[in-house]
Amino acid sequence: MPPAPLQPGTLYLVATPIGNLEDITLRALRTLRECTLVAAEDTRRGRQLLKAHEIDQPLLSCHKFNEAKRSGELLDRLSQGETIALISDAGTPGISDPGERIIRAVLGAGHRVESVPGPCALATALPTSGLPTEEFHFAGFLPHKSGARARKLETLDTVPGTLCLYESPHRIVKLMGELHAQWPEAEVVLARELTKKFEEYLRGTPEELAAHYAERKPKGEFVVLVHRA
Ligand code: SAM
């Protein structure tokens, strides 16, 4: 039986690779091929992805600086029965990226939102880390300012399960210091460059991991998983 055609007036959340370009589903490719518009966090990256799969589609940029304006435009187009694929820079749109607010606006206006699932950095890192998965808490990126970060970590103290964070390479060492201050005995896994050539899982206490990076500069993308005893 052929797959059902895209449903008019729907926003499709299309997950795209977080590194390895093979990590894209047949359904994601069909959705990108058959939709009327691709809304992309970064149109340059979006165009590269489409080109790699020989898909020729109009792209509209939807990033954190224009999302309010773009949401209105997307709502108009959905009202006219368009089918829009939303893609983020990488992974699952709506997880720690501007997609979240667009999705809320689309749902708030009464339109359909449908997931085309696939890669997600959190879901990739957690099971492979070997840390408990039965219960976990994803807190995304911590705030940038030191005081706000400390306050946020304090609120996370009582949260059960493995704590999962996204962090930029520039703040990894700072984060290890903050984790050491809060949970010195914690078992931490740094899941780096997932699905890419230099994929790596580093394990240790926050202090050990900070020491690891005393000798080399942290590079690439990181998911940080913390098991507090
Ligand atoms: N929506 C995406 C997802 O969940 O799949 C995440 C978007 S967020 C703006 C980007 C962050 O995700 C990075 O800073 C990093 O913490 C994490 N990330 C994305 N790709 C990764 C990869 N290949 N390896 C490790 N972490 C990654």
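Could you list, in sequence order, the residues of the range 1-34 that are assigned to a helix (DSSP H, G or I) and either at positive phi or of a type outside the set (S, T, N, Q) (or both)? Give the steps one after another, and end with the answer.
Of the residues in the range 1-34, the ones assigned to a helix (DSSP H, G or I) are 26-34.
Residues satisfying the conditions are Leu26, Arg27, Ala28, Leu29, Arg30, Leu32, Arg33, Glu34.
Quick check on my filter: what residues within the range 180-194 are out of contact with any Ser or Thr (no Cβ under 8 Å at 6 or more places or on another chain) and either aromatic (Phe, Trp, Tyr) or under 15 Å from Asp157 (Cα atoms) (or both)?
Ala181, Gln182, Trp183
Only one of these conditions is not met by Leu131: (1) under 17 Å from Pro206 (Cβ atoms); (2) assigned to a helix (DSSP H, G or I). Which number is it?
The failed condition is (2).
Touching a helix residue (DSSP H, G or I) at 6+ places or on another chain (Cβ under 9 Å), crowded, with 18+ Cβ neighbours inside 10 Å and assigned to a loop (DSSP other than H, G, I, E, B) - does that describe any residue in the range 42-52?
no
Scan the range 109-125 and tell me whether some residue there is surrounded by fewer than 13 Cβ atoms within 10 Å (Cβ to Cβ) and either hydrophobic (A, V, I, L, M, F, W, C) or in a helix (DSSP H, G or I) (or both).
no
Would you please name the residue that is nearest to the ligand (Cβ to nearest atom), looking only at residues in the range 139-159 that are within 22 Å of the chain's Cα centre (by Cα) and in a loop (DSSP other than H, G, I, E, B)?
Of everything passing the filter in the range 139-159, Leu142 is nearest to the ligand (Cβ to nearest atom).
When you go through (1) in contact (Cβ under 8 Å) with a residue 12 or more places away in the chain; (2) within 11 Å of the ligand (Cβ to nearest atom) one by one for Glu200, which number turns out not to apply?
(1)
Could you tell me which residue of the range 95-130 is nearest to the ligand (Cβ to nearest atom), considering only residues that are in contact with a helix residue (DSSP H, G or I) (Cβ under 6 Å, 6 or more places away or on another chain) and at pLDDT below 95?
For the range 95-130, the residue satisfying everything is Pro98.
Taking Arg203 and the conditions (1) closer than 14 Å to Val223 by Cα; (2) basic (Lys, Arg); (3) part of a loop (DSSP other than H, G, I, E, B), which numbered condition does it fall short on, given that it satisfies the others?
(3)
Being polar (S, T, N, Q), crowded, with 17+ Cβ neighbours inside 10 Å, outside any loop (DSSP other than H, G, I, E, B) and touching a residue at least 12 places away in the same chain (Cβ under 8 Å) is true for just one of Ser71, Ser96. Which residue is that?
Values: Ser96 fails: outside any loop (DSSP other than H, G, I, E, B).
Answer to the check: Ser71.
Do we have any residue at all in the range 71-86 that's modelled with pLDDT of 95 or more and within 16 Å of the ligand (Cβ to nearest atom)?
Yes, some residue in the range 71-86 is modelled with pLDDT of 95 or more and within 16 Å of the ligand (Cβ to nearest atom).
When you go through (1) away from the ligand (no atom under 15 Å from the Cβ); (2) farther than 30 Å from Leu26 by Cβ one by one for Val188, which number turns out not to apply?
Every condition holds for Val188 apart from (1).
For the range 203-219, name all the residues that are exposed (fewer than 15 other Cβ atoms within 10 Å of the Cβ) and either near the ligand (Cβ under 10 Å from one of its atoms) or among the hydroxyl-bearing types (Ser, Thr, Tyr) (or both).
Once the filter is applied, which keeps residues that are exposed (fewer than 15 other Cβ atoms within 10 Å of the Cβ) and either near the ligand (Cβ under 10 Å from one of its atoms) or among the hydroxyl-bearing types (Ser, Thr, Tyr) (or both), the range 203-219 yields nothing.
Run Leu60 past the list (1) within 16 Å of the ligand (Cβ to nearest atom); (2) in contact (Cβ under 8 Å) with a residue 12 or more places away in the chain and report the number of the one that doesn't hold.
(1)
Output the residues belonging to the range 166-197 that are under 15 Å from Ile18 (Cβ atoms), part of a loop (DSSP other than H, G, I, E, B) and among the hydrophobic types (A, V, I, L, M, F, W, C).
Residue satisfying the conditions is Leu194 alone.
The values are calculated or read from the model by the stated rules, or taken from the named source; none is laboratory data. Remember, predicted model here, so these are calculated numbers, not experimental data. Note that each Cβ is placed from the backbone with ideal geometry, even for glycine, and that neighbours are counted across all protein chains shown.
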